[in-house]
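See structure below.
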């Protein structure tokens with residue numbers, strides 16, 4: 001933050017003042033991602049974020065009407081909108097971490113102190129404005145593009161994210177890869193039912209910290225679910241009033257046409273069929289009679305994707321319809337023939353753009369996503385260029401089914417050569433669907449650096465021979481690793497830190513940062529070393545900052561530590577995590593960040609760290625011992 005450091009003075013009083021400012025700023029600007037903060041809103045359209053204010057909550061939280069009026073008056077003055085057209089759609093109490101209410105202006109100096117206050121969302125039905133105030137309304141600030149609030153979506157705990165996405169996947173009948181977190185806002189619920197209890201429930205009257213999370217379907221217009229959760233995601237409830245499952249009702253003409261077509265396809269009476277889901281969609285028309293590789297210029301047509309089930313069928317039929325129902329097609333039927341050497345046995349169709357998984361991360365050679373079957377579970381397996389094979393269950397909040405194994409570098413190179421020789425790129429973004437009427441099959445989505453292909457276990461034997469060779473080689477690689485170490489406990493079992501768990505970069509004047517969490521007490525501490533030798537340790541979440549300690553080491557010790565970081569090639573371990581061995585419990589996890597890299601390890605696996613990394617850990621611990 002510009003202007004917070006001020007100009008250094010040679011006088012003792014100025015140096016003391018500067019040190020105090022640095023001390024306060026560090027707890028705010030250290031970049032630790034799990035500190036809860038307000039949601040970003042920059043005078044942009046965001047209809048999903050609005051919700052109706054609960055009158056009972058207004059009475060319980062003693063919402064000051066005078067402050068609300070002042071905020072609405074300010075929004076009216078800024079926008080020129082009549083105040084009668086503005087309304088309060090959301091609010092919550094907050095303890096701001098500085099006198100600027102966490103919304104500093106450029107070059108503004110902010111006093112470092114806890115300021116009780118409020119966060120308000122004002123709306124005219126089309127746009128939202130987010131305000132921060134203090135407790136009496138004497139200080140009111142608008143979140144704008146020049147001083148945006150921090151987006152708590154990036155700070156949402158992984159366990160909450162997984163639980164919400166899993167629940168939304170079941171509710172919307174969408175794969176998790178097709179869902180996204182639209183908004184995540186920290187909340188203090190007023191009861192154990194997360195303010196969504198029924199009249200028959202006895203809800204514990206207590207403040208429950210948690211989250212309000214909005215989930216949307218990537219490919220569907222208007223499908224938004226709003227969930228209330230506790231801090232960990234172990235308790236989760238759907239706010240049906242605030243949720244929106246479709247932007248429009250399915251027209252009756254489309255409904256009737258789809259059911260007639262489904263009856264013809266299945267041979268079942270219409271009264272035994274049910275439309276279980278639908279969404280607006282754009283799809284290509286005009287290439288129904290074209291065969292690969294003949295050219296075709298499809299036209300995008302607006303319409304509906306409709307899911308139909310019968311009482312004795314697990315998997316739904318999927319139909320595409322135009323806007324009126326005059327043309328209805330069963331998905332994967334009458335599509336362009338793209339056999340690629342499959343002798344006409346199986347027709348490939350293009351994977352819709354919105355169903356393609358994200359590209360591979362850096363250092364990932366190959367990825368398989370398996371979903372469906374009797375259990376309906378989804379697993380992801382990735383092969384890294386160092387030979388690590390990592391398999392996780394999507395939606396597993398505790399990550400209890402993670403499995404890390406290894407293959408040799410020679411096996412990795414051989415598999416990459418096979419991908420090249422089999423011309424895996426010729427199957428780029430193609431899907432080989434299951435036969436009509438098939439159920440309980442497993443769908444596999446394979447992705448290399450050259451593209452993605454999708455198939456299922458029912459039609460695997462009918463795939464092109466080149467593609468079958470890749471699948472066989474991949475299965476041999478997965479089933480015959482050179483080591484199987486569960487979650488790993490040796491130096492070869494480092495795994496990448498997920499991108500959403502990597503803390504923010506270091507602030508200016510910070511040399512090194514350690515975040516420790518877990519253990520018996522489950523407390524999180526953050527310790528940072530400044531360039532001037534100041535060593536500051538704070539307890540994350542300590543509103544009174546009562547656990548803060550400030551110590552110092554000499555500038556010489558700082559330079560020696562920086563030299564150790566450089567000499568040990570700390571940057572080579574960038575974004576790597578060394579997980580605890582299987583069965584370990586109550587261990588402390590340490591996240592170390594320098595200007596070059598972030599590394600994560602724990603006290604259970606510390607002795608097995610690479611020697612260079614261990615040198616940095618030991619040197620850092622020595623700094624704590626010599627600081628005064």
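Provide the FRET efficiency to the nearest 0.05 for the residue 559-residue 135 pair, computing r from the beta carbons and using R0 = 41 Å.
So, using R0 = 41 Å, E works out to roughly 0.35.
For 626, 176, the sequence from fewest to most other C-beta atoms within 10 Å is 626, 176.
Extension gain, residue 584 to residue 78: 0.36 nm times the residue separation minus the Cα-Cα distance gives 176.5 nm.
Label separation (residue 323 vs residue 472): 5.1 nm, computed from points 7 Å beyond Cα along the C-beta direction.
Note on residue 465 and residue 363: their simple-model spin labels are 3.9 nm apart, each label 7 Å out from Cα toward Cβ.
Extension gain, residue 126-residue 256: 0.36 nm per intervening residue step, less the Cα-Cα distance, totals 43.4 nm. Shape analysis of the range 349-484 places it in the oblate category; the axes a ≥ b ≥ c from the Cα gyration tensor give an a/c of at least 1.5, with a/b not above b/c.
Counting Cα-Cα pairs of the range 502-626 in 5 Å increments starting at 0 gives whole-percent bin shares of 2, 10, 20, 24, 22, 14, 6, 2, 0. Once the Cβ-Cβ distance of residue 391 and residue 521 is raised to the sixth power relative to R0 = 30 Å, the FRET efficiency obtained is 0.40.
The peptide list 264-274, 162-172, 452-462, put in order of mean Cβ contacts within 10 Å with the highest first, becomes 162-172, 452-462, 264-274. Give the calculated FRET efficiency between residue 501 and residue 377 to the nearest 0.05, with a Förster radius of 35 Å applied to their Cβ-Cβ distance. Working from the Cβ atoms, E equals 0.95. Compared with the direct C-alpha span, the chain from residue 544 to residue 114 gains 154.0 nm at full extension, assuming 0.36 nm per residue.
No value in this document is a laboratory result; all are computed from the given coordinates. Since the model is a prediction, treat every value here as computed from it, not as a measurement. Because the Cβ atoms are built from the backbone with ideal geometry, glycine has one as well, and the counts that use them run over all protein chains shown.
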